[in-house]
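Here is the structure we will look at, set down as structure tokens.
The values are calculated or read from the model by the stated rules, or taken from the named source; none is laboratory data. Note that this is a predicted model, so its numbers are computed, not measured. Using ideal geometry, Cβ is built from the backbone for each residue, glycine included, and neighbour counts are taken over all protein chains shown.
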Amino acid sequence: MTNCYVCGNHYDKCFEVIIMGSHYQFDCFECAIQALAPTCEHCNCRIIGHGVEEKGRYFCCVHCAKAEGIKDLKDRG
């Protein structure tokens, strides 16, 4: 049994995520998202879909990017 990296829950069905050599144990996807998903620079929501990026700035959608003055991005199709 392992403890979840985020909530500390001691759970027999935790899963491991390895990102660039760092190992994390989580008891659910919600905790994994809270720990690992980037945050939109405009609305602060976690980006769990494709999102958009411009010069190292991350947004959940083109609408949020435009609200921050980014004009040349398009939603992925």
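Here C61 fulfils each of the conditions (1) surrounded by 13 or more Cβ atoms within 10 Å (Cβ to Cβ); (2) at pLDDT 95 or above; (3) under 14 Å from the mean Cα position of the chain (by Cα) apart from (2). If you take the residues of the stretch 1-32 that are under 19 Å from the mean Cα position of the chain (by Cα) and of a type in the set (F, W, Y), which of them is farthest from R46 (Cα to Cα)? Filtering the stretch 1-32 for residues that are under 19 Å from the mean Cα position of the chain (by Cα) and of a type in the set (F, W, Y), the one farthest from R46 (Cα to Cα) comes out as F15.
Of all residues in the stretch 3-27, those that are more than 16 Å from A37 (Cβ to Cβ) have Cβ atoms under 9 Å from Cβ atoms of residues that are among the basic types (K, R) and exposed (fewer than 14 other Cβ atoms within 10 Å of the Cβ), 6 or more apart or on another chain, in D27/K13. The strands (runs of 3 or more DSSP E) located wholly in the chain that include 3 or more residues which are among the aliphatic types (A, V, I, L, M) occupy 15-19. What single numbered condition from (1) more than 22 Å from K71 (Cα to Cα); (2) touching a Pro at 6+ places or on another chain (Cβ under 9 Å) fails to hold for G51? Just one mismatch for G51, condition (1).
For the structure I just gave you, tell me whether H50 is exposed (fewer than 14 other Cβ atoms within 10 Å of the Cβ) and touching a residue at least 24 places away in the same chain (Cβ under 8 Å). Taking the combined requirement at face value, the residue satisfies it.
List pairs: first in the stretch 36-47 and farther than 9 Å from C60 by Cβ and in the same structural domain as I19 (by TED's automatic domain parsing), second assigned to a loop (DSSP other than H, G, I, E, B) and among the acidic types (D, E), Cβ under 8 Å, 6+ apart or cross-chain? Listed by first residue and then by second, the contacts come to nothing, as the list is empty.
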